[in-house]
Amino acid sequence: MPISSFEAVVNATTTAEIQASYRRAMARLGFRNIFYAARFMMVVPPTVLQEKVEIFSTMPPDFVKTLTGRDLIIPSPWASWSRKNTGSISTRELLACRSDRAGKDTAAQSVSLARDYGLLAARLVSLKDCVLRSHGAVVLNPHAGASHDDEDRVWTRHQREAMVLSSVMHMRMASIRRPTFLPRLTERQIQVLEWSSAGKTVAETAIILGISAATVEKHLRLARDALGARTTGQAILTAHLTQQLFA
């Protein structure tokens, strides 16, 4: 694989660019169908920041919609294995390690769904421990209808490039600035939070910014309300995690 494929992922400035660059590179390696799922900042309490699983996929939209709509991702054999292991495993090997109960459990439903869409022959790459305080995994399928032997041949030829590229993609996804579901703070709200985080009192912040103490209090309250925070300290942490402070 040319070094330009890695450069495209590294130099991307948006999540969309990262995903497009990764998709093109994996297609060159022979994997046209991708399903990536990740969570970031996992040590942050849900009371501070409730983060959803981030998903990127080039698999059929109906397959992805059914998988997410029925909440089949988390209990799937792929997710269960990736939470406990690093490296990669083929679906053939993965299913040989477990006994599906003929479609009666949720895990078996995800397997049955993948089989229905011709996507069962795939390679799972676990990105566990790749990035601090985050976890992710990517499922790679050569094409709909591919056999397990087809997947093995593609993986054998391009295992090293696929592993490194997936890790680089995940690290870029973890570090890039992304839109937040929370409202954006105003410039004044950001200022009062930043000075508060520096240990300044309301009175000191008022002098620094040339406004009244009552106005500082007002902006702190509005910032807490916007971020759903009970305290100023919680508001500072949430604003920092959503990359709204110290830009």
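The values are calculated or read from the model by the stated rules, or taken from the named source; none is laboratory data. Not measured: the values here are computed from a predicted model. Here the Cβ positions follow ideal geometry from the backbone for every residue, glycine too, while neighbour counts run over all protein chains shown.
Annotations
- Residue in the stretch 182-199 that is surrounded by fewer than 18 Cβ atoms within 10 Å (Cβ to Cβ), under 29 Å from Phe6 (Cβ atoms) and not hydrophobic (A, V, I, L, M, F, W, C) present: no
- Within the stretch 226-237, residues that are assigned by TED's automatic domain parsing to the domain that holds Ser196 reach partners that are part of a helix (DSSP H, G or I) and small (Gly, Ala, Ser) with beta carbons closer than 7 Å, at six or more positions or on different chains, in the pairs Leu227/Ala235; Leu227/Ala239; Ala229/Ala235; Thr232/Ser196; Ala235/Ala223; Ile236/Ser196; Ile236/Ser197.
- Residue within the stretch 31-46 that is hydroxyl-bearing (Ser, Thr, Tyr) and modelled with pLDDT of 95 or more present: yes
- Lone unmet requirement of (1) hydrophobic (A, V, I, L, M, F, W, C); (2) within 18 Å of the chain's Cα centre (by Cα); (3) surrounded by 14 or more Cβ atoms within 10 Å (Cβ to Cβ) for Leu132: (3)
- If the condition is being assigned to a loop (DSSP other than H, G, I, E, B) and surrounded by fewer than 20 Cβ atoms within 10 Å (Cβ to Cβ), then the stretch 110-119 contributes Tyr117, Gly118.
- Hey, Leu72 part of a loop (DSSP other than H, G, I, E, B) and at pLDDT 80 or above or not: yes
- Hey, Ser166 of a type outside the set (A, V, I, L, M, F, W, C) and closer than 15 Å to Glu93 by Cβ or not: no
- Here Pro179 meets the list (1) in a strand (DSSP E or B); (2) at pLDDT below 95; (3) of a type outside the set (Asp, Glu) almost entirely, failing just condition (1).
- Within the stretch 15-30, the only residue that satisfies the criterion of being at pLDDT below 95 and touching a helix residue (DSSP H, G or I) at 6+ places or on another chain (Cβ under 9 Å) is Thr15.
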